[in-house]
Amino acid sequence: MGNKYDANLIVIGAGSGGLVTAYIAAAVKAKVILIEKGDMGGDCLNRGCVPSKSLIASAKFIHELKNSREFGVKEATAQFDFADVMQRVKRVIDSIAPNDSVERYTSLGVEVIKGEAEITSAHTVKVNDKELSAKNIVIATGGSPFVPPIEGIDKIDYFTSDTIWDLTELPERMLILGGGPIGCELAQCFARFGSKVSIVEMLPQIMVREDPEIADHIVEVFSSEGIDILTSHRAEKIIVAGDTKHLICDNEGKRVEIAFDKILVAVGRAANLQGYGLENLNVPESKHRTIDTNEYLQAGYPNIYAVGDVVGPYQFTHAAAHQAWYAAVNALFSPFKKFKVDYSVLPWVTYTDPEVARVGLNEQDAIQKNIKYEVTRYDLGELDRAKTDGHAVGTVKVLTAAGKDKILGATIIGKHAGELIAEFALAMRHGLGLNKILGTIHAYPTWMEANKFVAGNWKKNHAPQWILNLLEKFHRWRRN
Ligand SMILES: Cc1cc2nc3c(=O)[nH]c(=O)nc-3n(C[C@H](O)[C@H](O)[C@H](O)COP(=O)(O)OP(=O)(O)OC[C@H]3O[C@@H](n4cnc5c(N)ncnc54)[C@H](O)[C@@H]3O)c2cc1C
């Protein structure tokens, strides 16, 4: 007897969310069909994490040469062609692409179809003129750069994070619209390659999710690298006069004109909601214009799930992968087993130099949520390994519950912050407090010691004074 459905799962989109969903489903022997209309790997591999981190690596290398005297090298200069740097970006993508390829997923047992999917009913999807059916559908269609309707923007060739990777000539004056993570990471790259970079941000602070002291540190570094940061500047109009382009901004009632050669629009990313049949199904939309799912990641129908940037609230590869586990397991094993998605310990990193890494609450979150907290800091300027490496700047800042060693969140700014944050994520995930980090041997001299030292600072601040007074008396008596 034939099966009612062609597959247990049809997954639409082979980006981070869709690939992991398909991987998990195939690993537990479900029949899964993965449909991708563009490049396997989606944004992360082709237009996001991988190219941006590759570009950052080249920019950092060039920048570090400028600091050669610190390392006892009289002079070191870099001669480079920007086109070669962009070629390297492509090579790195190519080197990672096999992980996400049709061949690999086919070998894992996934049926991969290249084509544009359209959902035709709660159980059917059309691709390449063929209708396929599945017990469950997982939507993993991602997001796209949001381009605000600024007057005149349609008259120029602007870049977004989708198109910037085709650039082969370094712009003389680069304007970055948006001071979020993507804008900041790329602004620093272009400045380090030699462009004159301006960041225009509508809000009073760049990297608005982070505490002001963290954003101020980045502003200080960026300014020292020649980046012009214009916060509280609302972009209103683009004017083209001959060869020169100007962005007209409103800065608290003042008109400001910024000349530029190329502009990168990085003001946020919008969920892809149109063009593949969502309209016909009345899948609910959230107030952030993403697919509105419940906590099981079901999207209005018991058998339709959604993951990744199309859902949010965190637009990260690891957030998409995390959701993918829930969507795959809930879809395949519901109603026997169902899990609510848990975002309580979700780290993220902005790959500026210094890096900014976060997990859990920062101060502005705790204040907004009315949660009582204590702050403990450790200055990376004191860390032996930071000194040997010539990068002794930054802070480890930990929020704990009042009077307890329970970690509510951590923010780290400094070299390798993205690596250091993992220990706090692990501790939070498994309910380990600062005492446990303090009681763990960390190799000397490593950057990770900073985590132990912040725990040590917490301990010092919480040492019971009466016991110390008693101990002082005890030792005095022992000296008799
Ligand atoms: C410049 C930049 C840097 C970033 N850096 C980081 C970082 O360092 N760390 C991090 O965690 N995140 C980073 N991100 C975010 C990360 O890339 C995204 O969160 C992640 O790619 C989301 O995965 P997704 O599966 O939801 O969507 P996507 O990766 O966008 O995948 C969606 C896929 O669905 C396909 N699709 C859409 N509609 C259809 C259809 N109808 N039929 C068939 N296929 C369809 C698309 O072609 C696409 O391949 C960055 C993003 C950008 C832009």
Positions within segment 164-189 being in contact with a Ser or Thr (Cβ under 8 Å, 6 or more places away or on another chain), outside any helix (DSSP H, G or I) and either of a type outside the set (Gly, Ala, Ser) or open to solvent by 20 Å² or more (accessible area, probe 1.4 Å) (or both), in sequence order: LEU170, PRO171, GLU172, ARG173, MET174, LEU175, ILE176
ILE238, sole failed condition from (1) within 29 Å of the chain's Cα centre (by Cα); (2) under 23 Å from SER161 (Cβ atoms); (3) among the hydrophobic types (A, V, I, L, M, F, W, C): (1)
Being open to solvent by 10 Å² or more (accessible area, probe 1.4 Å), away from the ligand (no atom under 16 Å from the Cβ) and at pLDDT below 95: is that true of ASN67 here? yes
Which condition number in (1) open to solvent by less than 60 Å² (accessible area, probe 1.4 Å); (2) more than 23 Å from the chain's Cα centre (by Cα); (3) in contact (Cβ under 8 Å) with a residue 40 or more places away in the chain is the one that MET428 fails? (2)
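Residues are listed down the side, and each one gets a yes or a no for (1) part of a loop (DSSP other than H, G, I, E, B); (2) over 21 Å from ALA417 (Cβ atoms); (3) open to solvent by less than 20 Å² (accessible area, probe 1.4 Å):
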site: TYR276; (1), (2), (3): yes, yes, yes
site: TYR296; (1), (2), (3): yes, yes, no
site: PRO313; (1), (2), (3): yes, yes, no
site: HIS322; (1), (2), (3): no, no, no
site: TYR343; (1), (2), (3): yes, no, no
site: ALA357; (1), (2), (3): no, no, yes
For VAL283, state whether it is away from the ligand (no atom under 13 Å from the Cβ), out of contact with any helix residue (DSSP H, G or I) (no Cβ under 6 Å at 6 or more places or on another chain) and open to solvent by 10 Å² or more (accessible area, probe 1.4 Å). yes
Reported set for segment 234-243 where residues are modelled with pLDDT under 95 and either more than 18 Å from ASP154 (Cβ to Cβ) or crowded, with 21+ Cβ neighbours inside 10 Å (or both) is GLY242, ASP243
Can you name the residue in segment 118-134 that is open to solvent by less than 10 Å² (accessible area, probe 1.4 Å) and within 11 Å of the ligand (Cβ to nearest atom) and is also farthest from LEU281 (Cα to Cα) among such residues? VAL127
Does segment 359-379 hold any residues that are open to solvent by 20 Å² or more (accessible area, probe 1.4 Å) and of a type in the set (A, V, I, L, M, F, W, C), and which are they? LEU361, ILE367, ILE371, VAL375
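In the set ASP365, ASP379, ASP342, which member is more than 13 Å from the ligand (Cβ to nearest atom) and without any contact (Cβ under 8 Å) to a residue 12 or more places away in the chain? Before the answer, list the steps.
Working: ASP365 fails: without any contact (Cβ under 8 Å) to a residue 12 or more places away in the chain; ASP379 fails: without any contact (Cβ under 8 Å) to a residue 12 or more places away in the chain.
Being more than 13 Å from the ligand (Cβ to nearest atom) and without any contact (Cβ under 8 Å) to a residue 12 or more places away in the chain holds for just one of ASP365, ASP379, ASP342, which is ASP342.
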Return the residues of segment 208-233 that are touching a Gly at 6+ places or on another chain (Cβ under 9 Å) and open to solvent by 70 Å² or more (accessible area, probe 1.4 Å); say none if nothing qualifies. VAL208, ARG209
So, in segment 135-161, how many residues would count as being part of a loop (DSSP other than H, G, I, E, B), in contact with a helix residue (DSSP H, G or I) (Cβ under 8 Å, 6 or more places away or on another chain) and either open to solvent by 40 Å² or more (accessible area, probe 1.4 Å) or away from the ligand (no atom under 11 Å from the Cβ) (or both)? 1
Just to be sure, is ASN303 free of Cβ contacts under 8 Å to residues at least 40 places away in the same chain and over 30 Å from LEU186 (Cβ atoms)? no
Test each condition in (1) buried (at least 22 other Cβ atoms within 10 Å of the Cβ); (2) of a type in the set (Lys, Arg); (3) over 23 Å from the mean Cα position of the chain (by Cα) for ARG192 and report the one that comes out false. (3)
Out of (1) away from the ligand (no atom under 13 Å from the Cβ); (2) out of contact with any strand residue (DSSP E or B) (no Cβ under 6 Å at 6 or more places or on another chain); (3) within 27 Å of PHE82 (Cα to Cα); (4) not polar (S, T, N, Q), what's the single condition that is false for CYS189? (1)
Strands (runs of 3 or more DSSP E) wholly in segment 368-461 with at least 3 residues that are at pLDDT 95 or above and farther than 18 Å from LEU346 by Cα - which ones? 373-379
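The values are calculated or read from the model by the stated rules, or taken from the named source; none is laboratory data. Only a predicted model underlies this, so the values are computations on that prediction, with no experimental measurement involved. Neighbour counts run over all protein chains shown; Cβ positions are idealised from the backbone, glycine included. Each accessible area value is taken on the protein alone, full model and side chains, heavy atoms only, with ligands, DNA and RNA left out. Shrake-Rupley method; radii C 1.70, N 1.55, O 1.52, S 1.80 Å.
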